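The values are calculated or read from the model by the stated rules, or taken from the named source; none is laboratory data. The shown structure was predicted, so the numbers you read here are calculated from the model rather than taken from an experiment. Quick note on the areas: whole protein, heavy atoms, side chains included, nothing else; ligands and nucleic acids left out. Shrake-Rupley method; radii C 1.70, N 1.55, O 1.52, S 1.80 Å.
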Amino acid sequence: MSEILKALKERRSVRAYKSKSVPKDLLNIIIDAANNAPSGMNSQPWRFVIVEDDTLRKKLVDTAIPNAKKLLEPLKESDPERYELIMKRYKDLDDPVYYSAPAVIFVVGKGKYAALSCPLACQNMMLAAHSLGLGSCWVAFGAMVTDNDEIRQALELGDDEDIFGPIIIGYPEGATEPPEKRPPEVKWI
Ligand SMILES: Cc1cc2nc3c(=O)[nH]c(=O)nc-3n(C[C@H](O)[C@H](O)[C@H](O)COP(=O)(O)O)c2cc1C
């Protein structure tokens, strides 16, 4: 199997990390991989904010948690099993949003091509991280921080910009069990 196919099969969403920080040169390789993603009209409608600062991290977690819990509320009825699993994480973990990963990368997108192009940059980041022996996860709940002005200022988030990801990156603590995947639904004509 080619290296890329192997990476596509073996990449997992990692939710437990060692505290060891990720060297800057590796983060730069990951950003470069993101920047090489395809984008509508080659617009590259993204910029990247890498958060390593502990004080900002705490602010992000404290802002995201109540917003995430509010959003998860309907799950209590529709999928109680998943709701309980997620709530257990919220109880057990110091940081149930960014899983204490040493790097959180906000992909900030702007313009009409951002919604389709920025997720490709995110996927490139996750695959690049995997190829470097790092774990990653797209944590959409971690983007629920835009109601906090201090965070908006720190990210220099404009009114015309949206957050994609963020993607958390770090050295995995232990192995991640692959989740079950349905076989693809395909129609051949
Ligand atoms: C758009 C998007 C948002 C996600 N948000 C979260 C999140 O907030 N928290 C989390 O733990 N995982 C999040 N994930 C990871 C998914 O749960 C994960 O991709 C899925 O369970 C399949 O696992 P795999 O990535 O290992 O194949 C997100 C993934 C995507 C693509």
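How high is the relative contact order of the stretch 86-158, in percent, with contacts defined as C-alpha pairs under 8 Å that are six or more residues apart?
23 percent.
What accessible area per residue comes out for the stretch 1-88, rounded to a whole number of Å², with a 1.4 Å probe?
Working: 5930 Å² over 88 residues.
In whole numbers, the stretch 1-88 has 67 Å² accessible per residue.
To the nearest 500 deg cm²/dmol, what mean residue ellipticity at 222 nm is calculated for the chain from DSSP H runs of n ≥ 4 alone, each contributing -39,500 (n - 2.57), summed and divided by the residues?
-13000 deg cm²/dmol, from helical runs alone.
Consider all pairwise Cα distances in the chain and report the whole-number % of them above 23 Å.
Summing the P(r) of the chain above 23 Å gives 47 percent of all pairs.
What relative contact order, as a whole-number percentage, does the stretch 36-189 give when Cα pairs under 8 Å and 6 or more residues apart are counted?
32 percent
Computing the accessible area with a 1.4 Å probe over protein heavy atoms, can you report the carbon and sulfur percentage for the stretch 7-170?
51 percent
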